[in-house]
Amino acid sequence: MIKELLSKQDIERIISRIAHEIIEKNKGPEKLCLVGIQRGGVHLARRLASKITAIEGVEVPVGSLDISLYRDDISFRKKHPVVRRTDIPFDISEKVIILIDDVLFTGRSIRAALDALMDFGRPAQIQLAVIIDRGHRELPIRADYVGKNIPTAKNENIEVQLEEEAVEEKVILSSGE
Amino acid sequence: MPKDLVSMKDIAKEETEAIIDTALSFKDVLRRDIKKVPALRGKTVVNLFFEPSTRTKTSFELAEKRLSTDVINFSVSSSSVVKGESLLDTVRTIEAYGIDYLVIRHASAGVPHFISRITKASVVNAGDGINEHPTQALLDAVTIKEKKGTIAGLEVAIVGDILHSRVARSNVYCLMKLGARVRLVGPPTLIPLNPPSGVKVFYNMDEGMRGADVVMMLRIQLERMGKSFFPSTKEFFKYWGLSAERLAMANKDALVMHPGPMNRGIEIASEVADCPQSVILEQVTNGIAVRMAVIYMLQG
């Protein structure tokens, strides 16, 4: 069974709201850098950045982060995950990094992303923004900005589909039998 | 992805392209301040080199360390092979240490293939005699793709001592798989009698240069030549060496490549080796990235 949780318009409103929250919490965009986790997070990071620029009139640096090489399940998997590009073309030291992912689930991807980021420098702070928080954390990790909290069963699947991947934009929940 | 990388013939086109793309991602890692990722923590690699090698071994070792594997170097001069141990027993002993990857270089063709069949570890061929050197072909492909954007449809001239070159052999398989048009250029004594179908052969260097997008020079392997294949190195350069005049006959912006170590003044003019069209040092950098990709992607 497939259920639509959020529409394209809902996603746009969430991004707009989170952009305002990020600016408010950090008292302006001056020290901000956005880093999206491959793949969904990268598109969301770009959108958040242009939203922040539209509100504040300043450019915010955007990077992309691939976490495959930092995963904790790599030695248990037969086939190693595809390594995508990591591109952080700015110095993250002393900056406030907004880490962006589409779905927050066990927290293991975020743990890997934190390790990966630390290899690039020593940021002043890292904050986390996600579109969906579906619960079931396995590590002590929480998001600073959440689009929508959606309680799920562990065997269900949540997918954030974005226009950039050439699909109809929506968030869907499918039950895994 | 298979367990081993022994021959470019065993790797499908899609897998070859996946290795090239992954290598480009690993190149990002090599540009950072901290050039090491924890991906293969707890895994062990043995570099088993039965033939002297400095650059390939260094490149593999760096790639392995960048992936956080534990690395052990097993070279022939310091091993029990000199005490009369058979190849089979050497491999069984190393395997009993509990290792995950074996990188092998040997002077005889077929040794990595033989070892891949008797061990559970993933085997990477780092050069076997005059047979193959697959990671060199892959790093050449990465370099061409990076510089030219694509490989399909390019005219690639492989020049010089084709007969003794494992680099040439692996490159022919790899480049043809990826849709390049390959030509072999050299004296008849140094070109195999039966080149693979689809490969063009030029016994005249000037003709071989015309229309080439990539000029891949090979090292004259004097150590593998029991007899004379050409009168003198001076004469070789005159007829088969890559001089600036000859390079000018190839397409504008043609890439100049060489697997190293170079014999300046024998197969390549010094000024050509250092010219802006030369990507010889980029090949070295890409070698580390490609070896990281191969070790990361093989499935044990």
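The values are calculated or read from the model by the stated rules, or taken from the named source; none is laboratory data. All figures in this text were calculated on a predicted structure; none of them were measured in a lab. Positions of Cβ are backbone-derived with ideal geometry, glycine not excepted, and every protein chain shown enters the neighbour counts.
Of note:
- Output for the stretch B:264-277, where each listed residue is crowded, with 18+ Cβ neighbours inside 10 Å and not small (Gly, Ala, Ser): B:Ile266, B:Glu267, B:Ile268, B:Val272
Matching residues to (1) in contact with a His (Cβ under 8 Å, 6 or more places away or on another chain); (2) without any contact (Cβ under 8 Å) to a residue 12 or more places away in the chain; (3) among the polar types (S, T, N, Q):
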position	(1), (2), (3)
A:Asp72	no, no, no
A:His80	no, no, no
A:Val83	no, no, no
A:Pro89	no, no, no
A:Leu114	no, no, no
A:Asp119	no, yes, no
A:Gln127	no, no, yes
A:His136	no, no, no
A:Lys154	yes, no, no
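- Per the conditions (1) part of a loop (DSSP other than H, G, I, E, B); (2) buried (at least 23 other Cβ atoms within 10 Å of the Cβ); (3) small (Gly, Ala, Ser), the sole criterion not satisfied by B:Ala137 is (1).
- All positions within the stretch A:157-177 that are in a loop (DSSP other than H, G, I, E, B) and over 25 Å from A:Gly63 (Cβ atoms): A:Glu168, A:Gly176, A:Glu177
- Filtered residue count, the stretch B:250-300, keeping only those that are over 30 Å from B:Ala39 (Cβ atoms), part of a helix (DSSP H, G or I) and in contact (Cβ under 8 Å) with a residue 24 or more places away in the chain: 2
- Flag if A:Ile100 is under 26 Å from A:Asn149 (Cβ atoms) and touching a helix residue (DSSP H, G or I) at 6+ places or on another chain (Cβ under 9 Å): yes
- B:Asn286 meets each of the listed conditions (1) more than 21 Å from B:Asp21 (Cα to Cα); (2) modelled with pLDDT of 95 or more; (3) crowded, with 16+ Cβ neighbours inside 10 Å apart from (1).
- Evaluation of B:Ile94 against (1) modelled with pLDDT under 95; (2) of a type outside the set (Phe, Trp, Tyr); (3) more than 25 Å from B:Met297 (Cα to Cα) (one fails), failing number: (3)
- Selection within the stretch A:109-129 - farther than 15 Å from A:Lys25 by Cβ and either more than 14 Å from chain B (Cβ to nearest Cβ) or assigned to a loop (DSSP other than H, G, I, E, B) (or both): A:Ser109, A:Ile110, A:Asp119, A:Phe120, A:Gly121, A:Arg122, A:Pro123
- Per this entry, B:Ser68 is counted among residues that are in a loop (DSSP other than H, G, I, E, B), hydroxyl-bearing (Ser, Thr, Tyr), within 11 Å of chain A (Cβ to nearest Cβ) and out of contact with any Cys (no Cβ under 8 Å at 6 or more places or on another chain).
- Listed by first and then second residue, the pairs with beta-carbon distance under 9 Å, at least 6 apart or on different chains, first residue in the stretch B:44-65 and in a helix (DSSP H, G or I), second aromatic (Phe, Trp, Tyr), are B:Thr56/B:Phe49; B:Lys57/B:Phe49; B:Ala63/B:Phe26; B:Glu64/B:Tyr101.
- Residue match in the stretch B:234-255 (condition: in contact with a Ser or Thr (Cβ under 7 Å, 6 or more places away or on another chain) and outside the structural domain of B:Lys27 (by TED's automatic domain parsing)): no
- Restricting the stretch B:90-128 to residues that are buried (at least 18 other Cβ atoms within 10 Å of the Cβ) and either among the small types (Gly, Ala, Ser) or not assigned by TED's automatic domain parsing to the domain that holds B:Ala63 (or both), the residue that is farthest from B:Arg169 (Cα to Cα): B:Ala121
- Summed over the stretch B:160-190, residues that are outside any loop (DSSP other than H, G, I, E, B) and within 15 Å of the chain's Cα centre (by Cα) total 10.
- Test: residue in the stretch A:147-156 that is more than 14 Å from every other protein chain (Cβ to nearest Cβ), over 29 Å from A:His20 (Cβ atoms), in a strand (DSSP E or B) and charged (D, E, K, R): yes
- Checked across the stretch B:39-47, the condition of being in contact with a strand residue (DSSP E or B) (Cβ under 8 Å, 6 or more places away or on another chain), of a type in the set (Ser, Thr, Tyr), surrounded by fewer than 22 Cβ atoms within 10 Å (Cβ to Cβ) and within 14 Å of chain A (Cβ to nearest Cβ) holds for at least one residue.
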